[in-house]
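Just below is one structure, and these are the notes that go with it.
Please treat every number below as a calculation from the coordinates, not as lab data. Computed from a predicted model, the values in this text were never measured in an experiment. Methodologically, a virtual Cβ is constructed for each residue, glycine included, from the backbone with ideal geometry; neighbour enumeration extends over all protein chains shown.
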Amino acid sequence: MSKHYEEKDLEQLLQSMPTVKDNRSKEDLLRSLQGDERMRGQPPKKPKSKLPLWIALAAAVILAILSPSIIANMTGKEQADQKSESEAESYMSETKLKLQEESSDEANKFTMDRALIGKYALYEADLKQFVPFRLGLVSEDALSVPVSILIPKPRVSSDLKTTTPTSLQLYEQYVESIDEESYHFTSYHPYDATFEEQQDILTMRINDIESYSGSSAMSEIFSTTLEQTFYGYKELIMLNNEGKPVEFAQAGVITEPFALNSELNRYAYYTYSYHDHYYVAPSFGAKYSTVEQALDAMREKPNDFYDTVIPEGVTFTLEMDQSRVTVLFDEELDLNDYTLDEAYRLIEGLNLTVNNFGMELQLSNIKQGTWQKFDFRRPLPKAVSANPIRFNDIAE
Amino acid sequence: MDDSVFHRLYDEYHDDLFHFLIYLVGNRTDAEDLSHEVYIRVMRSYKHFRGQSSEKTWLFAIAKNVAIDHFRKKAVRAKYNDVHFDWETETLPADDRLPEQWVAYNEEKSELYRCLNRCTGDQKLVITLRYLQQLSIKETATILEWTESKVKTTQHRALQKLKQLMNAPSNERGESDE
């Protein structure tokens, strides 16, 4: 072409570019949308005034039964009142939970185990029944998601002759049994490597380093999954299959051990929505120097892959002392304004973040003094790990 | 799902929406998938739409995010092959299969489309919204969540780039005609 174009020529050409129509009919598109699970499976947010009749009646009966005791104690036993109210509230919360669980579709197959304290985090009290097998699973987006696969204690005791195995023992015993693809994750584990542990030092002999270090993204996934899988060690020494320090394509020869701080990873936790499930996870494994920085970062959606656990419009200020962070909501927060899931992610996302800086979390200015199994009048229990899921393939 | 909302949105905006998406991604299959995704997000968040922008700019902002997610996912997978992608400075890894209508098209416009694919992601977004969708600077800024100043400078750079490419000899444009 010999024509010379000026900007005006290009603007005219651009404005006359052909219109491209969709060949599908409106009805085709509508049918496709109606068939999408996400349009069917969204749990309805239930405003209080629209509780189904049977729940409203049940609540009325409960309150009618409790009312005499509330009245009898109106001489000023505030604690008894609070207990009665919180019992009623707790009961109503549990019935709402029952309704939501019953109405949830197959996409919620990782529904909270009602024996657990939380939904997105595991707590020390949960460890009476289970041993958590922690694993960094890799999504199709090439992102690492930390999960805690719950293995019943009797099974661990039978397989490993201990109920307090190391994370390496759990990994070597159970990793082959994990079908990552059944959870829609990529088949990343087991690592093509052998391991040795000596007290708090883990040594990893990698057979094919190229498969983990060929690009900066691969290296990032590799290091993030390692720190989300192996806990209880101070450091990881990486060697090649000749026993020499490995060489990463991006970083060269690695002569220093890789620090493992699984209890204190200094992440900020966000919502990761993946294949109709929600998880809480750090955004690209990013770490922060201080807990204040992490909590400040959590106020905003970090990118298009993750979302903040803080509901829109909710703001807070922080108060700190040496061992405790208090998150004080600027306006009284009513957890019933959110779905159960949103409320759990808010509470547990904040708790996991604060705990992984070695501090405890106190939430303040919440309308509910207690909610589900949380008591907001005191610091929250320490979260041990994130995203508990039942491992269906292991018989109880 | 409220079918009446869908019907209204479809009747008012679907042609423009599809037109926008297909020019960004360059192939019909992806445009169909992305438009489905846009409606999913729109229908799920419709009750939260507060009317702070026009309905059309709100819907196009969602479409823009869906398209960005699409390109980011492609780029993330490409990272395994050590292909680094930066949305603001690099070209979109667009599919060069042109919609079939273009077969009937004149060569000049086909060439312009190829040149558009060699602009950065930001530039292509601005050109598509400003010229193919005929949106104002203000509407474009709202959709992209940019300042109006950024829209203007990006548009200027995009036109400069297109001018440079369209005026280069064909063997210097870097891509052969397909």
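The figures follow:
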read-out: Shape call, the range A:265-327: gyration tensor on alpha carbons, a/c limit 1.5; value: prolate
read-out: Length added when fully stretched, A:S32-A:D179, from 0.36 nm per residue minus Cα-Cα; value: 49.9 nm
read-out: For A:A121, distant residues with modelled amide H under 5 Å away; value: A:N387
read-out: For A:E235, residues with placed amide H under 5 Å, excluding near neighbours; value: A:L202, A:L260
read-out: Given B:K64/B:K150; A:K21/B:K47; A:K119/A:K301; A:K21/B:K124; A:K8/B:K109, the pairs whose alpha carbons are separated by over 18 Å; value: A:K21/B:K47; A:K119/A:K301; A:K21/B:K124
read-out: Alpha-carbon centroids, the range A:312-375 and the range A:174-253: separation in whole Å; value: 34
read-out: Rounded FRET efficiency, nearest 0.05, which uses the C-beta distance separating B:N27 from B:S170 and R0 of 22 Å; value: 0.40
read-out: Interchain or long-range residues, amide H under 5 Å from A:I149's placed H; value: A:F133, A:R134, A:L135, A:I389
read-out: Local electrostatic count, A:L236, Cβ distance below 13 Å [Lys/Arg +1, Asp/Glu -1]; value: -4
